Amino acid sequence: MGLNALEDLVSNYDYAPRDLEKSHKALIDVSSFIEQEVIGKTPEETLPSLNILIFAIRAAISPSLILNGDAVSHLLDLLASVEEYRLALTHTADEAIGFDTFYTKRGDSGDPALPQEERTRLEKQIKDSSVQREVYVTIVGSLCRAHISHLLTSDPFDAIEFVAYMNHYFPWISSRQENSAPLHLRQNALSATEIQSIKETANDCRDDYRKVLNWAKKTKQKDQSLQDAFCGVRETDLIETTDFYADLSGLILDYLKTISKLNKDIHDIFPAST
């Protein structure tokens, strides 16, 4: 019952409310329901529905993107689950086109064929799949870099936490397996292009570290430790601006809208798959 009832709650949630007080109450109601009816009462291996995942992500990045370690790790995990849904939905669309092509070529009028409008919708989703995969990998890389930038400009700066997350996000830094996939990508098969993209993000993070380190060395007072000098830097000084975070949130929202559209198309055409 828990996840089914939660599905109903989030499906009716207004993401663009005119009444902010009413929206806030609705969010509290959802949170309370999760605590009372879902946590501890649902098998841990149960995958939440796409609508629940999207709700959780939108709640995590609105009104602002939170960049502490737990928040980013959870957000990456939620996004990986959404990407798995997207891959499965795209596979369904691809199979449907394949069967439709087979039956159409066979010319058996007794076999159902997809109406042209539905076939066109599915073909567009399949065509856009590579673009959406690229968007997903970009989001993952951007979130990792945003969190690393946040760590570099935190007061106090925690060098151990910084190194731990660099190794977590970019495992080849301390691994002999040069092309090992980061855990937050669920060990999905990465293309050479995707591996290169993540490596470039890792290099950007190391460049950010060098910038902050050089800045700290130059500005460090005579009796001041380098650790203390680190704490004076801010994103707007050396690394990123708040526009970066706003752009990242917008990119995530656009990605979610596209997946929602794909989900609707598949379920409109194949109601039995819902």
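The values are calculated or read from the model by the stated rules, or taken from the named source; none is laboratory data. Quick caveat, the model's predicted, so the values are computed rather than measured. Cβ: placed from backbone, ideal geometry, glycine included. Neighbour counts: every protein chain shown. SASA here: full protein model, heavy atoms, side chains in, ligands and nucleic acids out. Shrake-Rupley method; radii C 1.70, N 1.55, O 1.52, S 1.80 Å.
Residue-level analysis places Lys105 outside the set of residues that are within 23 Å of Asp254 (Cα to Cα) and open to solvent by 60 Å² or more (accessible area, probe 1.4 Å). Among all residues of region 11-20, there is at least one that is open to solvent by 20 Å² or more (accessible area, probe 1.4 Å), part of a helix (DSSP H, G or I), at pLDDT below 85 and small (Gly, Ala, Ser). Within region 190-206, the residues that satisfy the criterion of being open to solvent by less than 70 Å² (accessible area, probe 1.4 Å) and among the acidic types (Asp, Glu) are Glu194, Asp204. Restricting the first member to region 211-232 and to residues that are surrounded by 14 or more Cβ atoms within 10 Å (Cβ to Cβ), and the second to residues that are of a type in the set (Ser, Thr, Tyr) and at pLDDT 70 or above, the beta-carbon pairs closer than 7 Å and six or more apart or on different chains are Ala229/Thr219; Gly232/Thr219. Across region 173-222, the qualifying residues are those that are in a helix (DSSP H, G or I) and in contact with a Ser or Thr (Cβ under 9 Å, 6 or more places away or on another chain), and the one among them that is modelled with the lowest pLDDT is His184.
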